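Down below is the structure, laid out as structure tokens.
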Amino acid sequence: MEKKRLSIVVPVYNEEDNLHHFYEAVRQTMAGLDLDWEIIFVDDGSRDKSRAILAKLEREDARVQPMLLARNYGHQIALTCGLDHADGDVVIT
């Protein structure tokens, strides 16, 4: 039987101080579960170093999928964008 896939959708706006901590917490939690998973970070027009951090995480871990919005559209649009691109059997926001 094929493993279930979990998609985690995370809106991001100026979160440079939190991205590594969040990613590491998710990675450690998921290590104990028998699931395939991905994190879809949707950057909602951040003006800090969030995009650079997401690019680095993507290079280091293929499960990290950043999506970059052209400007700040708001939390709900960022969530909708992530949901539209999630391919998991289950999605957590």
Cα long-axis angle, helix 50-60 against the chain (0 to 90 degrees, to the nearest 10): 30
Segment 71-85-segment 1-54 distance, computed between alpha-carbon centres (Å): 15
Rounded, prolate or oblate (a/c below 1.5 giving rounded, otherwise prolate when a/b exceeds b/c) for segment 29-75 by Cα gyration tensor: prolate
Fully extended contour minus Cα-Cα distance, from GLU60 to THR29, at 0.36 nm per residue: 9.4 nm
Size of electric dipole in segment 7-60: Cβ of Lys, Arg +1 and of Asp, Glu -1, about Cα centre, debye, nearest 20: 180
Ranked list, fewest to most other Cβ atoms within 10 Å of each Cβ, for ASP48, ASP87: ASP87, ASP48
Exposure proxy order (Cβ contacts within 10 Å, fewest to most) of THR29, THR80: THR29, THR80
Gaussian network model of the chain, Cα within-10 Å springs - most flexible of GLY82, GLY74, GLY32: GLY32
Relative contact order [Cα under 8 Å, 6+ residues apart], the chain, whole percent: 42
Over the chain: helical MRE at 222 nm, DSSP H runs n ≥ 4 each giving -39500 (n - 2.57), nearest 500: -11500 deg cm²/dmol
Inter-site label distance for ARG47 and GLN76 at 7 Å from Cα along Cβ, in nm: 2.4
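Every number in this text was worked out from the coordinates using simple rules, so none of it is lab data. It should be emphasised that the depicted structure is a prediction, and the values quoted were computed from it without experimental measurement. All Cβ positions, even for glycine, are placed from backbone atoms using ideal geometry, and neighbour counts span all protein chains on display.
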